[in-house]
Amino acid sequence: MPRKKTASLVRDIKPDRVYNSVPVQRLINRVMLNGKKQLAERLVYGGMQKAADKLKVESPLEVFEQAFKNVQPHMETRSRRVGGANYQIPFEVKGQRQNHLTAMWFVAACRARKGISMEDRIAAELADAYNGLGAAVKKREDVHKMADANRAFAHFART
């Protein structure tokens, strides 16, 4: 007897109210704590607007998209045990994982900034990421350096 099909692991997320964008909604969901979605929306929308004003760009969505494009990883390393030794093997990051890592690193970088409100942290991190600076972009560069340094072990990925 065939087993029944399981649901897809990827949840269908509806776009946000203001920009009609799924990535913005993912960021809102990632910023949200204890189910307080309206507060998270206010923080993210306020941060996007402040970043756009600071950078003198008309569209906050344009700032958001460029910032997230600058944070998205293309390569990462995964541990693999081969013959009693663990190797860090570089792999290409695709699709959903790329978006997930981007949002995680961005929110972690925002939360690491201290001394200012969360809205201002989001605005500052968006502005820095838009310009190719900031902690989230540094995290991506570190991951890329690690993958580049372990290129010699790439042949283990195909075995």
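What follows draws every value from the coordinates through simple rules; no lab data is involved. All of these numbers come straight from a predicted model, not from anything done at the bench. Heads up, the Cβs are rebuilt from the backbone with ideal geometry, glycines too, and the neighbour counts pull from every protein chain shown.
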* Bin width 5 Å, alpha-carbon pairs only: give the P(r) of the chain as whole percents, running from 0 to the bin holding the largest distance. => 2, 9, 16, 18, 16, 13, 10, 8, 6, 3, 1, 0, 0
* Sort out for me the Cα centre separation of the range 11-83 from the range 104-159, rounded to whole Å. => 13 Å
* To do: Step through the residues of the range 81-96 one at a time and calculate ³J(HN,Hα) from phi using the Karplus curve (6.51 cos²θ - 1.76 cosθ + 1.60, θ = phi - 60°), rounding each to whole Hz and writing x for Gly and Pro.
  => 8, 10, x, x, 10, 8, 10, 8, 9, x, 10, 6, 9, 10, x, 4
* Structure fact -> For 21, 59, 79, ascending order of other Cβ atoms within 10 Å (fewest first) is 79, 59, 21
* Structure fact -> Residues whose built amide H sits under 5 Å from the amide H of residue 91, excluding neighbours closer than 5 in sequence, are 76, 77, 78
* the chain: angle of helix 134-149 to the longest principal axis, Cα-based, in degrees nearest 10 -> 10 degrees
* Asked: Taking only Cα atoms, what is the 0 to 90° angle, nearest 10, from helix 118-130's long axis to the longest principal axis of the chain?
  -> 60 degrees
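At 222 nm, what value in deg cm²/dmol follows for the chain if DSSP H runs of at least 4 each add -39500 (n - 2.57) and the sum is divided by all its residues, to the nearest 500? Spell out each step's value before the answer.
Details: 6 runs with 88 residues, N = 159.
My calculation for the chain gives -18000 deg cm²/dmol from helical runs alone.
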* Order of 63, 18 from fewest to most other C-beta atoms within 10 Å? -> 18, 63
* Quick one: Karplus J couplings for the range 65-77, per residue in order, coefficients 6.51, -1.76, 1.60, θ = phi - 60°, nearest Hz, x for Gly and Pro? -> 5, 5, 4, 5, 5, 6, 9, 4, x, 10, 10, 8, 10
* Provide the per-residue ³J(HN,Hα) series for the range 106-113, in order, calculated from phi with Karplus coefficients 6.51, -1.76, 1.60 and θ = phi - 60°, each as a whole number of Hz, with x at glycine and proline positions. => 5, 5, 4, 5, 5, 5, 6, 6
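Can you give me the relative contact order of the chain as a percent, contacts being Cα pairs under 8 Å and 6 or more apart? It would help to have the intermediate numbers written out before the result.
Details: 199 pairs, mean separation 40.7, N = 159.
Relative contact order, the chain: 26 percent.
Can you tally the net charge around residue 113? Count Lys and Arg as +1, Asp and Glu as -1, for every other residue whose Cβ sits under 12 Å from the Cβ of residue 113. Don't skip to the end; give the middle numbers.
Details: positive: 111, 114, 121; negative: 119, 120, 125, 128.
Every neighbour counted, the sum reads -1.
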